[in-house]
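Just below is one structure, and these are the notes that go with it.
The values are calculated or read from the model by the stated rules, or taken from the named source; none is laboratory data. Treat the numbers as computed from the prediction; the structure is a model and nothing was measured. Here the Cβ positions follow ideal geometry from the backbone for every residue, glycine too, while neighbour counts run over all protein chains shown.
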Amino acid sequence: MKTIDTIYIDTIYIDGQFVTPHGTELFDLHNPATAGVIGQVRLGDAIDARKAVAAARRAFPAMARTSKAERSAMLDRLAAALETRRAELLDAVIEEYGAPVSRSAWMVDYAVGAFREAAKALEDYAFVRQMGTATVTMEPLGVAAIITPWNANPGFIAARLAMVIAAGATCVIKPSEMSALQTQIVTEALHEARIPAGVFNIVNGRGDVVGAELSGHPDIAKVSFTGSTVTGRAILRTAAETFKRVTLELGGKSPMVVLDDADFDAAIPFALAAGFNNSGQACIAGTRILVPAHRLKAFETGIREAVAHVRSGDPRDPATTIGPMVSQRQWDRVQSYIRKGQEEGAILLAGGEGRPEGVAEGWFVKPTIFTGVRNDMTIAREEIFGPVLSIIPYEGDEEAVAIANDTDYGLHAYVAGGNPQRARAVAERILAGRVIINGAPMEMTAPFGGFKHSGLGRDNGAFGIEALLEAKAIMA
C-alpha cells in the first residue's frame, strides 16, 4: 500500500495565523489499513481554546455587518481554495481514515460543494421581514463552537463553516484529533481564501479538554456538535449554564423498511449501500433491515449472495467497498457487538468475528449480516458504527412502522417498495429527520438532523443559516 511520509503537525490556526499551541501533548496518527503510526499531532489545550474564542469575538462585530454579497464572495473563495487541494486531501482521507477510494472522492467533493450550496442558500435567505407593523431582522448570534467527528472530517468542517459564514457569525472549530492530517490540509487551503482574521479558528485537541472549554466558555453563543449521544447530552447540560444555543447531530439506528412489493434485485443493493455506507461508520447507516416475514427466505438468499461480492480490504483498490475501522478501539467495539449478537441468539448469515479472509493487518471487519433478529436485541438497539446489519421480520405495514419507530433514535430511515405512493405513505409515518425512498439521491440543501436521541436542531441550507441567527422585532 502507498503511504504518506511520516508527518508532524505542530500548529493550530488562530486569528488568521498558524501558531504553535500552548498545549504540549503529542497524539499518534495512524493508517487504519496497516494499524501503523504515520505521524503525530501536537494538541491544543484550554488556553489555546480561550485564545481562539477571543480572536473570534474580536472579529464578530465586523463580520456581522458584512453584506450578502461579501459573504457570498467569501464562500466562493473558500470553495475554490479547497478545490485546489483536492488531490492531496483525497490521499489524506484514504491514508488517515481508510475510506475506499470511491468513497473518498465523494467526501472531498462534498466539502467543496458545501461552500457553493451555502452561497445559493444565502442568496435566497431573507434577513429582514415585515410582520404586521414590526420589522423583523435575523441577526447573527455571535461566536459559534463547531465540534466535528472523524468519520467525514473535511465535509463536516466545510459544511459547518459554510453556515457560519453565510449567517455572518464567527467560530472556533475543534475537529477530531484523529483526523489531524486532513484538518491540516483543509486549514491550509482555507487560509488561502483570505477570510478576515479571526472569523474562523481551528484548534486540534481532545474533546474533554478543548471541547469542554468551548462548551462552557461564556463568550460562546452557540455550540454545534456532531458525535455520540452520550457526549451530546453532556454538552447540552454544560451549555444550559450560559443559555447557549445548541445544535446536536448525534447517533442513529436507522431502519431500512423493505415493503412486500419491493423488487429484491433493486432493494438488496439499496439495503447494502445504506448499511455499509462509509464502511458502516456512519450515523445514517441503515443497520436494521425490516423484511416481510413471508418473503424473508428469498431476501436472505439474495442478500447472502450479494454480500459475497462486497469486499473489505485495501482502500486504494477500486474494488473495495468497505475500508478499515478508524482505530483499534473501534475495531474492538465492532467485534464485541458481533459476539453479542451471537450470544443473544441472532443467526449469522454472513461475516462474523475477525478480519476478512486474506487480510493479515489493519482494522478490517468482515461485512456481517445477522438474521433472526428481534428488535429488543442489543445489536438492534445500539449504534455499532461498523458494517454489521440486522434483518428483522415483520407482518404488515403497521408492524413495519411500529418496529421502525421503536428506537431511541430518529436520524435517518430508508424505504424500498414497488408502489411509490405506498412507499411515501410509509416514509411519512417514520420518525426520522430524513427518509430516502428507493435510493433517491441526497439533497444537500435539505435540513439534516434527528428526532429523539438523535439530536436537536437542523443543519444545511436555510435551516443551517437560521440555526446561527436570532430574530429581533422593531416596532416604530
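Can you say whether LEU259 is crowded, with 19+ Cβ neighbours inside 10 Å and within 19 Å of GLU305 (Cα to Cα), as far as the supplied structure shows? Give the derivation first.
Details: crowded, with 19+ Cβ neighbours inside 10 Å: yes; within 19 Å of GLU305 (Cα to Cα): no.
Considered against the rule, which asks whether it is crowded, with 19+ Cβ neighbours inside 10 Å and within 19 Å of GLU305 (Cα to Cα), LEU259 comes out as no.
When ARG116 is tested against (1) outside any helix (DSSP H, G or I); (2) more than 30 Å from GLY313 (Cβ to Cβ), just one condition goes unmet, and that condition is (1). Look at segment 1-16: where a residue is under 12 Å from LEU181 (Cα atoms) and assigned by TED's automatic domain parsing to the domain that holds VAL359, no partner that is among the hydrophobic types (A, V, I, L, M, F, W, C) and modelled with pLDDT under 65 sits 6+ places away or on another chain with Cβ atoms under 8 Å.
Name the residue that is surrounded by the most Cβ atoms within 10 Å (Cβ to Cβ), counting only residues in segment 4-18 that are in a strand (DSSP E or B) and among the hydrophobic types (A, V, I, L, M, F, W, C). So the residue we want is ILE12.
Please pick out the residue among MET442, MET377 that is of a type outside the set (Val, Ile, Thr), within 18 Å of SER254 (Cβ to Cβ) and at pLDDT below 95. On inspection, the qualifying residue turns out to be MET442.
In segment 206-226, the residues that are farther than 19 Å from ALA159 by Cβ never reach a residue that is of a type in the set (S, T, N, Q) and crowded, with 20+ Cβ neighbours inside 10 Å with C-beta atoms less than 6 angstrom apart, at least six apart or across chains. When residues in segment 134-150 are screened for being within 25 Å of LEU90 (Cβ to Cβ) and surrounded by fewer than 24 Cβ atoms within 10 Å (Cβ to Cβ), 2 of them pass. State the number of residues belonging to segment 178-219 that are among the basic types (Lys, Arg) and more than 30 Å from ASN31 (Cα to Cα). Matching residues across segment 178-219 total 1.
Of the residues LEU214, LEU248, the single one that is assigned to a helix (DSSP H, G or I) and among the aliphatic types (A, V, I, L, M) is LEU214. For GLU177, the conditions (1) within 25 Å of PHE385 (Cα to Cα); (2) touching a helix residue (DSSP H, G or I) at 6+ places or on another chain (Cβ under 7 Å); (3) buried (at least 18 other Cβ atoms within 10 Å of the Cβ) all hold with the exception of (2).
Pairs are defined by a Cβ separation below 6 Å, a sequence spacing of at least 6 or placement on different chains, a first member in segment 442-456 that is under 9 Å from TYR409 (Cα atoms) and in contact (Cβ under 8 Å) with a residue 60 or more places away in the chain, and a second member that is crowded, with 22+ Cβ neighbours inside 10 Å and charged (D, E, K, R); the pairs so defined are GLY455/GLU249. On the given criteria, is ASP314 in contact (Cβ under 8 Å) with a residue 60 or more places away in the chain, out of contact with any helix residue (DSSP H, G or I) (no Cβ under 8 Å at 6 or more places or on another chain) and closer than 28 Å to ILE94 by Cα? It is true that ASP314 is in contact (Cβ under 8 Å) with a residue 60 or more places away in the chain, out of contact with any helix residue (DSSP H, G or I) (no Cβ under 8 Å at 6 or more places or on another chain) and closer than 28 Å to ILE94 by Cα. Summed over segment 158-180, the residues that are in contact with a strand residue (DSSP E or B) (Cβ under 6 Å, 6 or more places away or on another chain) and either at negative phi or not assigned by TED's automatic domain parsing to the domain that holds VAL209 (or both) give a count of 12.
The criterion of at least 3 residues that are closer than 23 Å to PRO149 by Cα and over 23 Å from the mean Cα position of the chain (by Cα) is met by the following helices (runs of 4 or more DSSP H) wholly inside segment 19-99: 46-64.
Say we look at segment 358-386 and pick out the residues that are of a type in the set (Gly, Ala, Ser) and under 13 Å from GLY341 (Cα atoms); which of these is surrounded by the fewest Cβ atoms within 10 Å (Cβ to Cβ)?
Among residues in segment 358-386 that are of a type in the set (Gly, Ala, Ser) and under 13 Å from GLY341 (Cα atoms), the one surrounded by the fewest Cβ atoms within 10 Å (Cβ to Cβ) is GLY372.
Do any residues in segment 374-399 that are farther than 17 Å from LYS297 by Cβ have Cβ atoms under 6 Å from those of residues that are surrounded by fewer than 24 Cβ atoms within 10 Å (Cβ to Cβ) and among the acidic types (Asp, Glu), where the two are at least six apart or on different chains, and which pairs are they? Hits for this filter: ASN375/ASP406; MET377/GLU344.
Hey, among VAL101, VAL93, VAL41, VAL108, which residue is touching a Ser or Thr at 6+ places or on another chain (Cβ under 6 Å), under 30 Å from GLN328 (Cβ atoms) and crowded, with 16+ Cβ neighbours inside 10 Å?
Working: VAL101 fails: touching a Ser or Thr at 6+ places or on another chain (Cβ under 6 Å); VAL41 fails: touching a Ser or Thr at 6+ places or on another chain (Cβ under 6 Å); VAL108 fails: touching a Ser or Thr at 6+ places or on another chain (Cβ under 6 Å).
Matching residue, one of VAL101, VAL93, VAL41, VAL108: VAL93.
Just so you know, in segment 44-54 the residues that are within 11 Å of ILE12 (Cβ to Cβ) and small (Gly, Ala, Ser) include one that is surrounded by the most Cβ atoms within 10 Å (Cβ to Cβ), and it is ALA52. When ALA267, ALA282 are checked against the criterion of being assigned to a loop (DSSP other than H, G, I, E, B), out of contact with any helix residue (DSSP H, G or I) (no Cβ under 7 Å at 6 or more places or on another chain), closer than 30 Å to MET442 by Cα and assigned by TED's automatic domain parsing to the domain that holds GLY372, ALA282 stands alone in meeting it. For segment 309-331, the criterion of a residue being in a helix (DSSP H, G or I), within 28 Å of MET178 (Cβ to Cβ) and touching a strand residue (DSSP E or B) at 6+ places or on another chain (Cβ under 9 Å) is satisfied by at least one position.
So for segment 290-298 (the condition being assigned to a helix (DSSP H, G or I) and surrounded by 23 or more Cβ atoms within 10 Å (Cβ to Cβ)), does at least one residue qualify?
no
Select from segment 216-251 the residues that are basic (Lys, Arg) and crowded, with 23+ Cβ neighbours inside 10 Å and write down the one among them that is nearest to SER176 (Cα to Cα). Lay out the reasoning, then the answer.
First, the residues of segment 216-251 that are basic (Lys, Arg): 222, 233, 237, 244-245.
Then drop every residue that is not crowded, with 23+ Cβ neighbours inside 10 Å, which leaves 222, 244.
On the way: LYS222: 19, LYS244: 22 Å.
Step by step, filter segment 216-251, then rank; the result is LYS222.
For LEU250, are the conditions met, namely being in contact with a strand residue (DSSP E or B) (Cβ under 6 Å, 6 or more places away or on another chain), within 30 Å of ILE379 (Cβ to Cβ) and not aromatic (Phe, Trp, Tyr)? Yes; evaluated as a whole, the condition is true for this residue.
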